[in-house]
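Peer 1: Quick one: the structure is below, questions incoming.
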Amino acid sequence: METDDYIIKQISVFSENKPGRLAAIAKALQDEKINIFAFSIAEAKGFGVVRLLVDKPEPALKKLADIGFMVSFTDVIAVRMKDEPGGLFDIAKILGESEINIEYSYAYSGKEAAVLILRVDRIKEAIEKMTGRGADLLKAEMFL
Amino acid sequence: MFWDKEMETLGGRALEDLQVKRLRQTIRQAENVPFFKDLLKEKSVSAEDINKIQDVSRLPFTTKKDLQKGYPFGFMAVPKKEIVRIHTTSGTTGKPTVVGYTRNDLDNWSELIARNLTMVGLTDEDTFQNAVNYGLFTGGLGFHYGAEKVGMTVIPSGTGNTKRQIEMIDDFGVTAVHCTPSYAMHLAEVAEEMGTTLDTFKTGLFGAEPWSDNTRRTLEQKLGVTAFDSYGMSEMYGPGAAFECPERNGLHFWHDSFLIEIIDPETEEILGPGECGELVVTPLVKEAMPLIRYRTGDITCILDDECPCGRGPRIARITGRSDDMLVIRGINVFPSQIEHVLRTLPEVGDQFMVYVDRINHLDEMAIDIEIKKEFFSGELKDLERIQKKIIHALRDTLNLRTKVNLVEHESLPRFEGKAKRVVDRRGDVI
């Protein structure tokens, strides 16, 4: 197994915490016909980071940078969960038992399954542990 | 009431003779400083050329920039072992201005403070809360020792912990307070919230930042005090170089200790009484750090009509600055200092904007900063780390808490001509 296959490029966008900024990001991606699978916003005092998982990461990053946003790629993993009670626990306990810390996480509920996106402190180890214990990780190629 | 009636009311020929004698002595003292020695030689002027007080105009001016070049001890006219205290004040860029005091300097300074306190009617019967910063800022220790000299009961409360300050005022029967006018406004508000009317208060001494007659009325009404304006700067020991008497129509300068002039800040031409310009001060009895025709940057005029209290000419309350110095919560800040700090931080981009506001009567400085793209890791915690680093660096240099806003790229104004990176939104006065 190649762990790199499961490392997904999340786009992190620096944004001031003020009206219209998310709309500006969404509009730019719409113009490029880029689909957003999932996103979350983390906020601090007066500013935040918008995190996006999209179908075409490279063109999305370029577009956002071109219109002046400060952007960067962040490595995350995505794992399918059962969309039923206990689905999140199955995943979280693998990481917990492996002493791998989740720095942040967000989820989306798709047509077939719920997907949990995770930013962890030791990404390769997390991939090995999770695949080893039968978790259904999404491959990066799904996001290209 | 007088602390030293003879000196406080000295005028005419007697004052001029004393000033000439002391000016000569000051020039001789200044010649111990290589900077002044060279400067006086260059201008071919020495103590012997001073025969009447108008001869001061033959002497060169000194500026804050000059002082800064002497950091740390380049302007000391005595060996370091004779210096018993050091205060520092903000410099125009990076390095602070260092002010040294001999034992005599400290005694003279306390004498002047004692004159001020006595002039406004305070005595050894009074209890005095000194609610200013006690560190390197001269207002703390300066007033402290002057008030002790008068024999007042002194409470060195410093700043902060406002509720405790108010409890002390009530519990200790405080009659007089010294603080910045903005802190006084804050005290008044917190006292109101606490439901106390500060009944023992009668006198408020306010300084270190400009304040209006409107503020005076508000403070007097809210605190139940008679409010007096105080003027000074570290280069003239600290506060207390000039002070309002009970007439409260200008501040009496202590002419036995300071020679004052008003000049046009552009042409350096000496202006007459009643004409507004930059205040230039030559301290007359300083030992550790004599200064010659020091340009204060403060805008005022000399009021030489007779004051019923019998003391000498006054200056009008300070109306502004001849340079871009800001006074924020009583602390002097030069925009160039802010720029200097930010330029030393690799994360900070080329653009920034400084905003000064007054929020709930307290000055707040906020700086909008674009960080450099290469320092954006994508992680929020890294951005927060950069934000904290900038706040700490500014606090270390300016002694001032600032709010730092990280803003998006290219969101700040770009300047083609002279950059205007500082916007003071406080209006002219408190």
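Derivation of every value follows stated rules applied to the coordinates shown; laboratory data play no part. In this text, all values refer to a predicted model and were calculated from it rather than measured experimentally. Cβ coordinates were reconstructed from backbone atoms using ideal geometry, including for glycine residues, and neighbour counts include every protein chain displayed.
Peer 1: Calculate the tail of P(r) for the range B:331-424: the fraction of all Cα-Cα distances greater than 15 Å, expressed in %.
Peer 2: 60 percent
Peer 1: Can you list residues from other chains, or at least 5 along the same chain, whose modelled amide H is less than 5 Å from the amide H of B:Leu271?
Peer 2: HN-HN under 5 Å from B:Leu271: B:Ile262, B:Ile263, B:Asp264.
Peer 1: Then there is this: Aspartates and glutamates within cross-link reach of A:Lys33: Cα-Cα under 17 Å, excluding same-chain residues under 8 positions apart?
Peer 2: Excluding near neighbours in sequence, the set is A:Asp55, A:Glu58, A:Asp66.
Peer 1: Still on this model: What is the order of B:Ser411, B:Ser90, A:Ser40, fewest Cβ neighbours within 10 Å to most?
Peer 2: Going from least to most buried by this count: B:Ser411, A:Ser40, B:Ser90.
Peer 1: Working only with C-alpha atoms, what are the Rg and Dmax values of the range B:1-133, expressed in angstrom?
Peer 2: 17.9, 53
Peer 1: Work out from phi, with θ = phi - 60° and the Karplus expression 6.51 cos²θ - 1.76 cosθ + 1.60, the ³J(HN,Hα) of each residue of the range B:34-46, listed in order in whole Hz, and give x for Gly and Pro.
Peer 2: Calculated HN-Hα couplings, in order: x, 4, 6, 4, 5, 5, 5, 5, 4, 8, 6, 9, 9 Hz.
Peer 1: Which three lengths, in whole Å and largest first, does the range B:283-364 cover when its Cα atoms are put on their principal axes?
Peer 2: 58, 37, 19
Peer 1: Round to a whole angstrom and tell me the spacing of the C-alpha centers of the range B:275-347 and the range B:1-39.
Peer 2: 20 Å
Peer 1: A further question follows. Hey, if you drop one equal point scatterer on each alpha-carbon of chain B and run the Debye formula without solvent, what base-10 log of I(q)/I(0) do you get at q = 0.07, 0.09, 0.12, 0.13 Å⁻¹?
Peer 2: These q points yield log10 I(q)/I(0) values of -0.36, -0.60, -1.04, -1.20.
Peer 1: Return the whole-Å distance between the Cα centroid of the range B:363-430 and the Cα centroid of the range B:122-169.
Peer 2: Distance between centres, Cα-based: 34 Å.
Peer 1: Counting Lys and Arg as +1 and Asp and Glu as -1, what is the net charge of the other residues whose Cβ lies under 13 Å from the Cβ of B:Leu380?
Peer 2: Charge balance near B:Leu380 sits at +1.
Peer 1: Would you mind checking the pairs B:Lys21/B:Lys149; B:Lys81/B:Lys163; A:Lys18/A:Lys63 and listing those with alpha carbons more than 32 angstrom apart?
Peer 2: Exceeds cut-off: B:Lys81/B:Lys163.
Peer 1: Using C-alpha positions alone, give me the convex hull volume of the protein assembly as shown per residue in cubic angstrom.
Peer 2: Looking at the protein assembly as shown, the number lands at 205 Å³ per residue.
Peer 1: For the range A:75-143, what number of Lys pairs, 8 or more residues apart or on separate chains, have alpha-carbon atoms under 21 Å from each other?
Peer 2: The number of close lysine pairs in the range A:75-143 is 9.
Peer 1: What are the principal axis extents of the Cα atoms in the range A:6-74, in Å, biggest first?
Peer 2: On the principal axes, the range A:6-74 reaches 32, 27, 18 Å in Cα extent.
Peer 1: When the C-alpha atoms of the range A:10-144 are aligned to their principal axes, what extent does each axis show, in angstrom, from largest down?
Peer 2: Taking the Cα atoms of the range A:10-144, the three principal extents are 43, 32, 27 Å.
Peer 1: Using alpha-carbon pairs under 8 Å, 6+ residues apart, how would you state the relative contact order of chain B in percent?
Peer 2: Answer for chain B is 15 percent.
Peer 1: Sticking with this one: Counting Lys and Arg as +1 and Asp and Glu as -1, each charge on the Cβ, what is the dipole of the protein assembly as shown about the Cα centre in debye, to the nearest 20?
Peer 2: For the protein assembly as shown, the charge dipole is close to 860 debye.
Peer 1: Only bridges with both residues in the protein assembly as shown count here: give the DSSP antiparallel percent, nearest 5.
Peer 2: If we restrict to bridges inside the protein assembly as shown, about 75 percent are antiparallel.
Peer 1: Would you list, by chain and number, the lysines whose Cα falls below 19 Å from the Cα of B:Lys202, excluding same-chain residues fewer than 8 positions away?
Peer 2: The qualifying lysines are B:Lys222.
Peer 1: So what's Rg/Rh here for the range A:97-144, counting alpha carbon atoms and using the Kirkwood radius for Rh?
Peer 2: Using only Cα positions, Rg/Rh for the range A:97-144 is 0.96.
Peer 1: Follow-up. Using just the helices of the protein assembly as shown, give the 222 nm mean residue ellipticity in deg cm²/dmol: DSSP H runs with n ≥ 4 each add -39,500 (n - 2.57), and the total is spread over all residues, rounded to 500.
Peer 2: Estimated from H runs of four or more residues: -9500 deg cm²/dmol.
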